[in-house]
Amino acid sequence: MLSPDLKRLHKWLTPGRLVLLEACFIGLLSALAAVALKKSIGVFGGLRVQISHDLSAILVLPLIGLCGGYLSGFIVEKFAPEASGSGIPQVKAALDYVPVVLNLRVATVKLISTILALGSGLALGREGPSVQIGASLAAHLSRWVPTSPDYRRQLIAAGAAAGLATAFNAPIAGVIFVIEELLQDVSSLTISTAILASFVGGVVSHILGGSILPEGTSKLQFSALDIPFLILLGALVGCFAVLFNRGVIAGIIWNRRIFKLGLRWRIAIAGCTCGLIVGLLPETFRDSTALQEFLASGGSNWQATAVAFLARFVLTLIACSAETPGGFFAPALILGAALGSIVGNWENEITHSGSSAMYALAGMGGFFGAVAKVPITAFVIVFEITMDFNIVLPLMIVTAVAYLVAEKFIDGSLYTQILEINGIFLNAQAPADGLWLDLKAADIMHQKVETLTVDMTLDEAKLIFGRSHHRGFPVLEAGSVVGIITQTDLVKINERKLQGNQSLREIMTPNPVTISPEDSLSQVLYLLSYYKLSRLPVLDANRLVGIITRSDILRVEVDKLKGADHQYLDRSYVVYQTRGTSTGRGRLLVPLQEQWEQNIYVMEVAKAIAKSLDYEIECLSTITISPHLPTAKTSVPITSRLHLLRQAVSLAEDNHIPIHTQIRLSHDPIVTIQEVIEERYTDLLLLDWDQGYMSVPCDLVIAREAQEIFPNLSHRWLIVVADCSSPDRAFNLLPHLIASDAQVHLCHIFHKPNFEEGLINPQNLARKLKNPIESTAVCAKSIADAVVDIAKQENSDVIVLITKPHEIKQIADAVDCRLIFIGCG
C-alpha cells in the first residue's frame, strides 16, 4: 500500500504537471550536451590551431581536415545516417510526423561526429547539431517516461529549444525558434514547455558556457543618417542569402551525383579542401570564434573584410555540400557580420560617421533571418547576445529588408529545401493542432462488438477464432467485461496442456485495459503504445459500447485526410511500364514481391491459369513510400524491380503468354492493386499467401509454396469444395495446374447431415482434368479441422480450397504443403 504522502504526490502529479517536470529535465540534459559540444570543439579546434603554428600549416591543416572528416563521416554512415547535415531539417520533419529517427543513438553520433568535423576545421557551426541533440534526447526520454502523444511532440520541440538557448546563451530565442520555425504553434503547452527547457538551458549556458561575444564588444550608436545604409545592407544581405541557399542546395545535389564514394569520403574531401584553403589564408581564419568576434567588432577595413566574406562563403558551401555534421547558424552570422562591416566602412568613408560594429551585428541578424526564414528569431538572438537596446532599430530594419528580398526569390527556408531534395515535403497548411485533437474514442470505435462469454469452453473459442476474421474478443460475464482473449492467448492451451472442455477463464487476460467514449484519440494511442495492445474495449458506465483496434485508427486517419487535405491521398504513380500484345480472352493481375524467389511458385500458377483460360498476364511491382512523400515527385531506384520484371517476362514469353508489366510508387500496396483493377479491366487477381486476402471486384486466387520441398511435390491433390454451390468456374482454372498422372481427391464438406442434394458431380472435373477422380463428402462443424484431417490422411502435396475465406488461415497454419485458395461467392 502507498503511504498517504505518496498518494498525495501521485494525485498531484497529473500528466500536465509531469510533462513540465520532464521539460525541465530535458532542458538540463540538452544544455549539458550543448556545453559539452562547445567545450570539446574548442579543445580540438585549439589543438588544431596550435599544431598549425608549430608545423607547416599548408601540410597539417589539409591532413587534419581529411582525417577528421573521414572519421566523422564514417561514424555517421555506420551508426546513424540521420545525424548528417545540420540536424534541424530532421527535427522539423519529425515534428511534422515524418518517421525520422530521434533517439539516444542519434544524439551520441551527432555529438561525436560534430566534434570531429568542426574540430578538424570544417567551416560550420555547432548550433544546428545542438538543436538535433536536444530533440533526440527529449525523444528518447519520452520513451523512458510514458508520455501522451500530445506531450511527446512538445517535449521534442522543448529539447530543441534548450539546445539553441544553450548554444547562443539566448533562452528567449530558443522559445521563439520553436514557435516561429519548428511548431508554428502558440498553444500554452508549447510555450510553457519551451520556456522551461530554454530557461534551464540558459542558466546552464550562463554558468558553464560563457558568452558568444566578448564583453564590451563596442559602443553602438544609431542616427537617422544610418537608415539608407541599413536599407542597403538589408538588400545586400537578402541577395547574398539567396545565393547562399541556392549554393548549398546545388552543392548537395552536385556532390551526390559526382562523389558516389559515400558520406565519409565526401566529408573527408571537403575537410581536406577547406584545410588547404585556410592554410593559404591569414591565421585569423583558422579559428571561427576568433573570426566572428573580429568581424563583429567592426575593426577591419572593407577590403580585408570582403576577402574574409568571400573565403568564408566558399568554405561554408564546401562543407555544406558534403552534408557534414554541422549547422548554418554560425556561418550565417559570420557572413552577415562581414557584409555589415563592409557597409559600415563604406558609410564611414562617405559620411565620416556611423558604427561599423552596429552594422556588423545588424548584418548578423539579417543574414541568418533571411537564410532560415526566421526573422524574429534572428532579431532576438542578436539582441540577447548583445543586450544593447541601441541595436534594436538597426536590427529591425536590416532583418525586415533582408527577409523581404529573400522571400521574393526563394520559397521556404533552407531547411525545408534540404528536406525537399531528400523527398520530404512538409504540409505547411496543416493546422497546428493536427487532425487528431478533435477526435474522441466514440468517433473511432466499432459499435457492433463480437464477444465471448466467460463460461464458454476452449474448444468453442477455437472454433469461433477459426471462423472469424477478428484476432481478439472481449469476454463478458453477466453483461460486464471481465477479460479479453486474443490469438496469442490460444497458445496457452498447448503450453499448459489444458483440456478442450475447460473454461475460457483459464486463458483470458482478466481486468483488461479499457477506455471511455469521451477519451481523446491521443489517450487511445497512448494506451495502445504503453501497454502494447492491439485493441481496447470502450466502456460507458461499465457497459460495453464499442471496441477500437489499431486498424480503426488507420481507417479514421485516411477518412480525416480525405476531408482535410487531398495531397496525402495521392494515387499511385506509374514510373515504368511495358505493354504486350492484347490477344488474350481476359487479364490476370499478379502483384509481385520484392525478391524473385518469393514469386516463383505464384508465377508458375499464373502461367498454368493463363494457359487454361487463354489470359494475358499483368505483372505489378509496387514500391511503397512514406505517406508524407508525393508519389509523382519522389525519386526512387528501380533497378532491382526492372530485373524482377525481366524474369517474369522471360517466363511468360517462353510459354507464349502475352504479358504486361508496370512499376508504381504507392502509399498503400492494397489500394494500388485496387486502382490497377479499376483502370485496366481485370478478370482475376493472383496473390501470394503472404500478401493476404483482400476484397476485389474480380475472381481471386491465393497461392502458397510448400514449407519444405519434397520429391513428387504435386502428385497428390486434394480439392476441397465448401460453402460453394457452383464451383465450375473455379474448376476451369485447374487443367494446366494438375499433371495428367496426378492423384486427385475431390472432397465436399457440408455443415448439415442432409447434403445429398448439394453434391457436385465429380465427372465434370474429371472431364476437364482428364484424370480419374476420387470423390468423398464429409459433414463437419469446422471446415478447417476436416481439411487438415483429410490432408494428413491422404498425405496431400497440394490443397486447393474452393470456399469462402473464413477459415483459410487456420488451414494454412496447420499444414505444410502447397495451398491454392480460389474464392467462391
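The values are calculated or read from the model by the stated rules, or taken from the named source; none is laboratory data. In this text the structure is predicted, and so the values were computed from the model without any measurement. Every residue, glycine among them, receives a Cβ derived from its backbone with ideal geometry; neighbour counts consider all protein chains shown. Only protein heavy atoms, including side chains, enter the accessible area calculation; ligands, DNA and RNA are left aside. Shrake-Rupley method; radii C 1.70, N 1.55, O 1.52, S 1.80 Å.
Quick look at the numbers
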quantity: Dipole magnitude (debye, nearest 20) for the chain, charges at Cβ of Lys, Arg, Asp, Glu; calculated: 940
quantity: Estimated translational D of region 330-370 in µm²/s (Stokes, Kirkwood radius over Cα pairs; 4 °C; 1.567 mPa s); calculated: 134
quantity: Where N is the number of residues in region 439-562, Cα Rg divided by 2.2 N^0.38 Å; calculated: 1.09
quantity: Overall Cα dimensions of the chain, principal axis frame, Å, largest first; calculated: 112, 74, 47
quantity: Radius of gyration, Dmax [region 17-209; alpha carbons; angstrom]; calculated: 16.9, 58
quantity: Residue-span extension gain [Arg767 to Glu675] - 0.36 nm each, minus C-alpha spacing; calculated: 29.4 nm
quantity: Cysteines, the chain, no other Cys beta-carbon under 4.7 Å; calculated: Cys24, Cys67, Cys239, Cys272, Cys274, Cys320, Cys619, Cys698, Cys747, Cys779, Cys817
quantity: Inter-label distance, nm, simple model (7 Å from Cα along the C-beta direction), Asp723/Val574; calculated: 3.7
quantity: Fraction of beta bridges assigned by DSSP in the chain that are antiparallel (%, nearest 5); calculated: 35
quantity: Protection-proxy order for peptides 478-486, 690-698, each taking the mean of Cβ atoms within 10 Å per residue, highest first; calculated: 478-486, 690-698
quantity: Asp723 accessible area, assembled protein chains, probe 1.4 Å, Å²; calculated: 70
quantity: Sites Tyr693 and Asp54, calculated FRET efficiency, Cβ-Cβ separation with R0 56 Å, nearest 0.05; calculated: 0.15
quantity: Computed accessible area, Asp789, all protein chains, 1.4 angstrom probe, square angstrom; calculated: 90
quantity: Exposure rank, largest accessible area first [Tyr531, Tyr415; 1.4 Å]; calculated: Tyr531, Tyr415
quantity: FRET efficiency estimate (nearest 0.05) - Cβ-Cβ, Ser640 to His751, R0 56 angstrom; calculated: 0.75
quantity: Region 573-702, accessible surface, carbon-and-sulfur percent (1.4 angstrom probe); calculated: 49
quantity: Cβ charges +1 (Lys, Arg) and -1 (Asp, Glu), total dipole of region 17-209, debye; calculated: 360
quantity: Arg579 - accessible surface, heavy atoms, 1.4 Å probe, Å² rounded to 10; calculated: 100
quantity: Residue-normalised accessible area of region 224-420, expressed per residue, 1.4 Å probe, Å²; calculated: 37
quantity: Cβ-based charge dipole, the chain, positive-most Cα from Leu104, Ser205, Leu645; calculated: Ser205
quantity: Estimated [θ] at 222 nm from DSSP helical runs (n ≥ 4, -39500 (n - 2.57)) normalised by residues in the chain, nearest 500; calculated: -17000 deg cm²/dmol
quantity: For peptides 619-626, 595-602, sequence by mean Cβ density within 10 Å, most packed first; calculated: 619-626, 595-602
quantity: Descending semi-axes in Å of region 573-702, equivalent ellipsoid built from Cα gyration tensor; calculated: 23, 16, 14
quantity: Dipole-positive endmost among Ala606, His660, Cys698 within region 573-702 (Cβ charges, Cα centre); calculated: His660
quantity: Dipole axis of region 439-562 (+1 Lys, Arg; -1 Asp, Glu on Cβ), positive-most option in Thr514, Met445, Ile493; calculated: Ile493
quantity: Kyte-Doolittle mean at least 0.0 and Cα axial length at least 30 Å: DSSP H helices in the chain; calculated: 15-54, 57-79, 227-258, 329-351
